[in-house]
Amino acid sequence: MAMHWDDELEKRILREMERRRQEEKPLHDRINQLEAALCDAQLKIRHLWEEKRECLERAQAVALGGVFPGSELRALKKTLEEAWLELVLVASPQAEALSQIIRLLERYFPDQNPR
């Protein structure tokens with residue numbers, strides 16, 4: 001049975017495509033490895049940023065605890081809460097800002113672990 005010229009051309013094209021796939025396979029494998037390494041690096045960076053934030057909060061808590069003993073810190077919080085209540089009663093837009101300050105202050109109580 002004689003081969004038709006299209007059959008021969010198709011075989012050549014298939015061989016060439018397979019050869020290229022084999023040539024490119026190491027490159028594709030390397031790209032996949034690099035993409036995986038990039039994902040790992042991004043996860044590590046996020047983790048390190050979180051650790052940095054936690055360390056800064058701990059350092060702030062230690063510094064604040066050194067300046068304000070626990071009883072003074074509680075008195076400050078109580079005063080701020082009273083001021084917040086007055087702001088709420090007069091519907092001041094500053095009440096929310098003061099509320100955020102109080103929440104931040106609560107993180108630094110000496111008898112509580114900083115987040």
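Before moving on, here are some points about what is shown:
- Breaking point among (1) more than 30 Å from Arg107 (Cα to Cα); (2) modelled with pLDDT of 95 or more, for Asp6: (2)
- Taken over region 70-81, the criterion of being open to solvent by 60 Å² or more (accessible area, probe 1.4 Å) and either closer than 12 Å to Arg107 by Cα or not polar (S, T, N, Q) (or both) is satisfied by Glu72, Arg74, Leu76, Lys78, Glu81.
- Summed over region 61-115, the residues that are polar (S, T, N, Q) and modelled with pLDDT under 85 give a count of 3.
- Selection of helices (runs of 4 or more DSSP H) fully inside the chain by the criterion of at least 1 residues being of a type in the set (Ser, Thr, Tyr) returns 70-89, 94-106.
- Any hit, region 37-55, residues being touching a Lys or Arg at 6+ places or on another chain (Cβ under 8 Å) and under 30 Å from Leu104 (Cβ atoms): yes
The values are calculated or read from the model by the stated rules, or taken from the named source; none is laboratory data. Worth saying up front: this structure is predicted, and the values here are computed from it rather than measured. Cβ coordinates were reconstructed from backbone atoms using ideal geometry, including for glycine residues, and neighbour counts include every protein chain displayed. We work out accessible area using only protein heavy atoms, side chains counted, and drop any ligands, DNA or RNA first. Shrake-Rupley method; radii C 1.70, N 1.55, O 1.52, S 1.80 Å.
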